[in-house]
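This report refers to the structure that appears directly beneath it.
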Amino acid sequence: MSSDADHPQTARLVFGDKEIELPIIVGTEGEIGIDISKLRARTGAVTFDPGFANTAACKSEITFLNGEEGILRYAGYPIEELAEKSTFLEIAWLLFYQELPTKDQLREFRDEIRYHTMLHEDLKRFYSALPKAGHPMAICAATVGALSTFYQDVKFDDPAEQRRAAAIRLIAKFPTIASYSFKHSIGQPFMYPRNDLEYTENILHLMFSNPCEEYVPDPVVAKALDLLLILHADHEQNCSTSTVRTVGSSHANLFASVQAGISALWGPLHGGANQKVIEMLMAIKEGNRSAKEFMALAKDKNSGVRLMGFGHRVYKNYDPRARILKKACDDVLKKMGTDNPLLEIAMELEEIALRDEYFIERKLYPNVDFYSGIIYQAIGIPVDMFTVFFAMGRLPGWISQWLEFHRDPLSRINRPRQIYTGPKLRHY
Ligand code: SDX
């Protein structure tokens, strides 16, 4: 906690003939917020902040980012340590409760999830109504939304119990939902989840087993997937998480809130970037453009081309997740005895960008999406499923932030103001 001497106690705003003092909020890592919750009542004015780049929507105890220094911590634990030592379900518990689970708590949590992985048989028919070529993000968003129709009569006396039950069901069933969107697209039968497999192994079984042949998860592949899920698990108030909080702020149920989060994540400026990165690298590999030509386009505003996987609203330094993933690419490819020419192209692009004034002055570095696709490909995940796997990883983050919203006494429905610039009064 920074000492009071490090920052002023209030902010003074001089506005016309008014002078008001605004309270200061200071976070545990010294972040300073000017509390404007009474601004309009006291001045008649609102703030204007397109994209909310300067606006904190909430206080949160879950994830801390320091964009200038490239720091990411879940409940105080550095992402580098968690990536090396933890597992995805342990991280899910950490995000839900902001404490690491005991061995017994983790075992019970794993078992509770293990026995909720199946979908209602009627829900499986939902997929047959959708085109095989439909993007799996659209299919997963629709299916998660439809989940609520199977639990609308499940009532708990304690709303917190109701919310926890929905959280367990979502974490348990999303891999099944995701794998069915893939199986539907390739015309293969849906596999049932297996209770004898751990969470990440079950995902690989659901994706790659078929009735004629059981997929035996390679421990290297399972570990690589678990790492990807850990690195994507939460990232404070990003676009999709803010969407989940906003939909939840109207007291819509968790399934509806996460459905909206999946849709927000799909955008190419957000989670959809991981698919765009691989498509960009493949275009360069196929010789449509050289890396140098591509970089020239990425710097040209009128080209409409961006170096996908680069840049970040918060990180003005190397995204710590990209650093971990870049190293993991090498490890996983070596352990699997494969190589991926796209990795060399990605490293060449990074080399060029990090020496180029355009990227340096804008503080554009590789983000989580720049290298993740190389590992998804090594695991055998098809490109149009990359963002679905981003969503699978982000699920505990969305849920924990949604649960925190409902615990926060300051929470109210999210409803920003605007500055109207349309026509003045006129008559029909
Ligand atoms: C994720 O918020 C999160 O935490 C998200 C995330 C998470 O875990 O939830 O980290 C996951 O979404 C990562 C980001 C994935 N998206 C991409 O890789 C798409 C490419 N990146 C950009 O579109 C962009 O960098 C954003 C969307 C990530 C950030 O956008 P901002 O903060 O609104 O920044 P901006 O668009 O205003 O860019 C600032 C400048 C502009 O140039 P100028 O107008 O100042 O001259 O940088 C340029 C931009 O044109 N720029 C890029 C660029 N990113 C920004 N130029 C070329 N290539 C890029 N990738």
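The values are calculated or read from the model by the stated rules, or taken from the named source; none is laboratory data. Please read all numbers here as calculations on a predicted model, not as lab measurements. Every residue, glycine as well, gets a Cβ built from its backbone with ideal geometry; the counts of neighbours run over all protein chains shown.
Restricting the range 41-63 to residues that are in a loop (DSSP other than H, G, I, E, B) and not hydrophobic (A, V, I, L, M, F, W, C), which is surrounded by the most Cβ atoms within 10 Å (Cβ to Cβ)? Quick ask: steps written out before the conclusion?
Here is the first cut: in the range 41-63, the residues in a loop (DSSP other than H, G, I, E, B) are 44-49, 53-62.
Then keep just the ones that are not hydrophobic (A, V, I, L, M, F, W, C); that gives 44, 47, 49, 54-55, 59-61.
Working: G44: 10, T47: 13, D49: 10, N54: 10, T55: 13, K59: 13, S60: 20, E61: 14.
My answer is S60.
Which residue is nearest to A142 (Cα to Cα), if the candidates are limited to the range 233-260 and must be more than 16 Å from the ligand (Cβ to nearest atom) and of a type in the set (A, V, I, L, M)?
A256
Within the set of pairs 6 or more residues apart or between chains, which connect a residue that is touching a residue at least 60 places away in the same chain (Cβ under 8 Å) and among the hydrophobic types (A, V, I, L, M, F, W, C) inside the range 257-278 to a residue that is away from the ligand (no atom under 13 Å from the Cβ) and part of a loop (DSSP other than H, G, I, E, B) with Cβ atoms less than 8 Å apart?
Partner pairs satisfying both residue conditions: W266/H135.
Please identify the pairs in which a residue from the range 295-319 that is basic (K, R) has its Cβ atom under 9 Å from the Cβ atom of a residue that is within 6 Å of the ligand (Cβ to nearest atom) and part of a loop (DSSP other than H, G, I, E, B), counting only partners at least 6 apart or on another chain.
Matching pairs, first to second residue: K299/L307; R306/L269; R313/N238; K316/R362; K316/L364.
Would you mind telling me which numbered condition in (1) away from the ligand (no atom under 16 Å from the Cβ); (2) more than 15 Å from F389 (Cβ to Cβ); (3) at pLDDT 95 or above P219 fails?
Every condition holds for P219 apart from (3).
I'd like the full set of residues that are within 15 Å of the ligand (Cβ to nearest atom) and either free of Cβ contacts under 8 Å to residues at least 60 places away in the same chain or touching a Lys or Arg at 6+ places or on another chain (Cβ under 8 Å) (or both), limited to the range 223-232.
Correct list: L231, H232.
Yes/no per residue for (1) small (G, A, S); (2) at pLDDT 95 or above; (3) surrounded by 15 or more Cβ atoms within 10 Å (Cβ to Cβ); (4) assigned to a helix (DSSP H, G or I):
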position: V144; (1), (2), (3), (4): no, yes, yes, yes
position: S148; (1), (2), (3), (4): yes, no, yes, yes
position: Q152; (1), (2), (3), (4): no, no, no, no
position: I168; (1), (2), (3), (4): no, yes, yes, yes
position: P175; (1), (2), (3), (4): no, yes, yes, yes
position: K183; (1), (2), (3), (4): no, yes, yes, yes
position: P193; (1), (2), (3), (4): no, yes, yes, no
position: D196; (1), (2), (3), (4): no, yes, no, no
position: Y215; (1), (2), (3), (4): no, yes, yes, no
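Which residues, counting only those in the range 64-82, are touching a helix residue (DSSP H, G or I) at 6+ places or on another chain (Cβ under 6 Å) and either assigned to a loop (DSSP other than H, G, I, E, B) or without any contact (Cβ under 8 Å) to a residue 24 or more places away in the chain (or both)?
Of everything in the range 64-82, those that are touching a helix residue (DSSP H, G or I) at 6+ places or on another chain (Cβ under 6 Å) and either assigned to a loop (DSSP other than H, G, I, E, B) or without any contact (Cβ under 8 Å) to a residue 24 or more places away in the chain (or both) turn out to be G70, A75.
Can you tell me which residue within the range 14-40, out of those that are of a type in the set (D, E) and assigned to a strand (DSSP E or B), is farthest from E61 (Cα to Cα)? Break it down stepwise before answering.
Step one: list which residues in the range 14-40 are of a type in the set (D, E), which gives 17, 19, 21, 29, 31, 35.
Then keep just the ones that are assigned to a strand (DSSP E or B); that gives 19, 21.
On the way: E19: 33, E21: 27 Å.
Filtering first and then ranking leaves E19.
In the range 200-217, which residues are of a type in the set (F, W, Y) and touching a helix residue (DSSP H, G or I) at 6+ places or on another chain (Cβ under 6 Å)? Write out each step before concluding.
Taking the range 200-217 as the starting set, the residues that turn out to be of a type in the set (F, W, Y) are 208, 215.
Answer for the range 200-217, where residues must be of a type in the set (F, W, Y) and touching a helix residue (DSSP H, G or I) at 6+ places or on another chain (Cβ under 6 Å): just Y215.
For R323, only one of the following conditions fails: (1) more than 30 Å from V154 (Cβ to Cβ); (2) of a type in the set (D, E, K, R); (3) more than 9 Å from the ligand (Cβ to nearest atom); (4) in contact with a helix residue (DSSP H, G or I) (Cβ under 6 Å, 6 or more places away or on another chain). What is its number?
All conditions are met except number (4).
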